[in-house]
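The values are calculated or read from the model by the stated rules, or taken from the named source; none is laboratory data. What you see is a predicted model, and the numbers here were worked out from it, not measured in a lab. Heads up, the Cβs are rebuilt from the backbone with ideal geometry, glycines too, and the neighbour counts pull from every protein chain shown.
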Amino acid sequence: MASSEDSVRVKNTKGISGLYWNYIIRAYDSISGKAGDFFHNLRMTENLIMIILAIIIGALAGLGAVGIRALIKEISHFFFSGPGTLLENMANTPWYLKLMIPALGGLIVGPIIHLFSQEAKGTGVPEVMQSVLLKGGEMRPRVAFIKTIVSTITMGSGGSVGREGPIVQIGASLGSTIAQFFHISTNRMKTLVGCGAAAGIAAAFNAPVAGALFAVEIILMDYAVAKFSPIVISSVMATVISHAFEGDFPAMIVTGEHYLHSIWDISIYFILGILCGLASFIFIRTLFHFTNIWENRIKMPPYLKPALGGLSIGIIALFFPQIMGVGYDSINLILLSEEMPYMGLGSDWINSLLGNQTFWLMALLLVFIKTFATSMTLGSGSSGGIFAPSLFVGTMLGGAFGYLAHQILPGETATAGTYALIAMGGLVAGTTRAPITAILTVFELTKETSIILPLMITCILSTIMSGKFSTESIYTLKLMMKNINIKEGREIDIMKTLNVRDLYSKNFISFPHDTDFNRIVTTLIAKELPFVSVHHRSTGNYLGIISSHAIKDVMFEKETLKDLMIAQDIIENDIPHIHLDENCANVVKKMRQSKLDVLPVLEAKNHKRQIGIIWLQDIVDAYEREMELLDMTSNLAKKISLANIDSDVRFMEGYIITEIPAPLKFQGKSIRELQIRQKYGVDILSIKSTTKTGRLLTAIPQADYVIKKDDRLIVAGRFDGINQLKILE
């Protein structure tokens, strides 16, 4: 299935190159249509189809992860050649090359992202989450290719980012492309996107369980068995592919014993969890603070910003080369030998000056310097992940903390390497708000069963502490900045489709402003109302409300006040009011703020005229009806997404599913404009579009879909409603 952008370009291409491109697109659509028919002709169940596609996605994502690691290694050795480890080679690189290489990498990456794929910028995971929430999982096929190029160049040239985010986005893009190729329904496409994301993490870390949980906990936020099964299969398949090329080994090699040495260790891990939560919050805020600065305050062409960001990394690397690249060499240095010498300019003099304090001072400094360097790399527009930087920051924080704890309580605490190991998970949990994924990731990385108890304590406390300071994770905060509420997801979307106009009641009680107090009290008590409205007797203008809470303090003075007029100071005029064109998501938010279950509805053009009220219970009832209907139509659409409907299907008493040509009256209008459900009581399940290369099925079309001349609508509803549509044909 070609993306909408590709379709537009096909129409606008001219000349010989445009002609060839048209042939390519037509050939793709033709093959894609035949592939969908192939599955249908085999008469396979939908679950079997999903399993087969999950295996394919897992294998491709696994190969992609292996290829990316190899490519990063080759590019890194090209830029930073030498006989030692990558960290040693970076440290020994001449100072002028340390400045030039990251800047050159940014100079290459910036124009590629700007010209070919804006989605390839940044970490990649928020973009995948956005596509799942807003586009049903649809991603452009080119994303995988462009992301591979720009992320490997960024990391290979010393950019302070990780490889896991790009691998996730590449795997998710492969899943989306395959789903589009075989014309899979929207709901199933999301699952296949999750399969690709899980396979990416599994292959990147050699951790199949962590990969599967990453997809369901962060990408899909849904633990349904129907979604989880193919995700597990993809994750396992990607790990098998990774094993075949690179062997079965943990991504990080940990030596020594790691266990609780004494009762003191428990309390110390509580402290470590709190520190990890604070460091996670600092990481999140620093990243998005500098992202905002780069996007809004630095005035220069966006394709040149990565080069300037790369230059800033080079300057930092003159003093702290550990921040360059993925950083696994530095992590292993802490875990294996508990050493972290100063490796920048004047290293011999500074190391001799610091002496025994070098380890914890350098580790603590790198917590903040790595956070800053990663923020500069991603904020300037380069491409890479934050998973590995989170591991890096956690390792340095845990190493410094463990060293100091061991100095204070010698013989009663674990080694600094153990605390570094545990803090890795704490930072991942605090930044992603996915503690289960963090626990299993570190466990599968290290293969150490003895660390589970302290790891659980640290990860959970880090998540709680980070959440106290910021409600968003490092992934969801970026989406919130775009006004995308991914946490609410499906529920918020449904609330936004419910309008006040359809749910408000015109039956409300309002009194003139000079009504006596006794009458107000009697009405509130007798009718058990939360409030009554107040209007001006002569003009009829809305003045506010008198709530049952407002009269509680003066209830015992009822006899004294019965002959008095309404006191102006008990009229509440700051209560939020509603307009007919508002959606119920805003209404519920206002109700929470005011702590009322009912609010007044005013005219949109005349805010002084009340026309009704809206009750929370009416919104809840409408929401439940919509959810039930959505679940029903989604399940039905899934059953027909890979098949043709040749006759009416009866699924409830008086209800049918049938296929009709698009009425002339509907053509050129969006589903939202037509309000088919409101007018006819009929839902559009799917739309068949006829093209030159065959038929294209859009399962569960979006509200902004514009109906075309040759479309055929698969609709569900009552007999009488569908008959009305047939009359319009």
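Taking T377, is it farther than 21 Å from N206 by Cα and part of a helix (DSSP H, G or I)? Spelling it out, T377 is indeed farther than 21 Å from N206 by Cα and part of a helix (DSSP H, G or I).
Which residues, counting only those in the stretch 393-407, are of a type outside the set (A, V, I, L, M, F, W, C) and in contact (Cβ under 8 Å) with a residue 60 or more places away in the chain?
Hits for the stretch 393-407 are G394, T395, G398, G399, Y403.
Please determine whether any residue of the stretch 496-515 is under 30 Å from L220 (Cα atoms) and modelled with pLDDT under 75. Checking the stretch 496-515: at least one residue is under 30 Å from L220 (Cα atoms) and modelled with pLDDT under 75. Meeting the requirement of 2 or more residues that are at pLDDT below 80, the strands (runs of 3 or more DSSP E) wholly within the stretch 555-672 are 649-652, 655-661.
Selection of the stretch 335-347 for residues being in a helix (DSSP H, G or I) and either of a type in the set (A, V, I, L, M) or crowded, with 24+ Cβ neighbours inside 10 Å (or both) yields L335, L336. Of the residues examined, I422 is not one that is surrounded by 24 or more Cβ atoms within 10 Å (Cβ to Cβ) and either within 17 Å of I218 (Cβ to Cβ) or within 20 Å of the chain's Cα centre (by Cα) (or both).
Scan the stretch 115-132 and tell me whether some residue there is over 20 Å from F319 (Cβ atoms), aromatic (F, W, Y) and out of contact with any Pro (no Cβ under 7 Å at 6 or more places or on another chain).
Yes, the stretch 115-132 has at least one match.
The residues of the stretch 406-416 that are surrounded by fewer than 23 Cβ atoms within 10 Å (Cβ to Cβ) and part of a helix (DSSP H, G or I), listed by number, are H406, Q407, I408.
Would you say K147 is basic (K, R) and either more than 20 Å from the chain's Cα centre (by Cα) or closer than 15 Å to A61 by Cα (or both)? Against the criterion (basic (K, R) and either more than 20 Å from the chain's Cα centre (by Cα) or closer than 15 Å to A61 by Cα (or both)), K147 qualifies. No other residue among I386, I350, I439 is aliphatic (A, V, I, L, M) and buried (at least 24 other Cβ atoms within 10 Å of the Cβ) apart from I386.
Identify the single condition in (1) at pLDDT below 90; (2) of a type outside the set (S, T, N, Q); (3) part of a helix (DSSP H, G or I) that A429 does not satisfy, given that it satisfies every other one. All conditions pass for A429, except number (1). Number of residues in the stretch 499-519 that are under 18 Å from L599 (Cα atoms) and in contact with a strand residue (DSSP E or B) (Cβ under 8 Å, 6 or more places away or on another chain) equals 11. In this structure, does F372 turn out to be of a type outside the set (S, T, N, Q), crowded, with 24+ Cβ neighbours inside 10 Å, assigned to a helix (DSSP H, G or I) and in the same structural domain as I474 (by TED's automatic domain parsing)? Here the answer is no, as F372 does not meet what is asked. Of T395, T358, all but one fail to be under 28 Å from I201 (Cα atoms) and part of a helix (DSSP H, G or I); the exception is T395. The single condition among (1) over 27 Å from R285 (Cα atoms); (2) at pLDDT 85 or above that I460 does not satisfy is (1).
Of the residues T415, T432, T437, the single one that is polar (S, T, N, Q), outside the structural domain of G211 (by TED's automatic domain parsing), touching a Ser or Thr at 6+ places or on another chain (Cβ under 7 Å) and over 9 Å from G398 (Cβ atoms) is T432.
Yes/no matrix, rows are residues, columns are (1) in a helix (DSSP H, G or I); (2) aromatic (F, W, Y); (3) not assigned by TED's automatic domain parsing to the domain that holds I112:
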{"site": "F270", "(1), (2), (3)": "yes, yes, yes"}
{"site": "F283", "(1), (2), (3)": "yes, yes, yes"}
{"site": "P302", "(1), (2), (3)": "no, no, yes"}
{"site": "I313", "(1), (2), (3)": "yes, no, yes"}
{"site": "F319", "(1), (2), (3)": "no, yes, yes"}
{"site": "L333", "(1), (2), (3)": "yes, no, yes"}
{"site": "I350", "(1), (2), (3)": "yes, no, yes"}
{"site": "M362", "(1), (2), (3)": "yes, no, yes"}
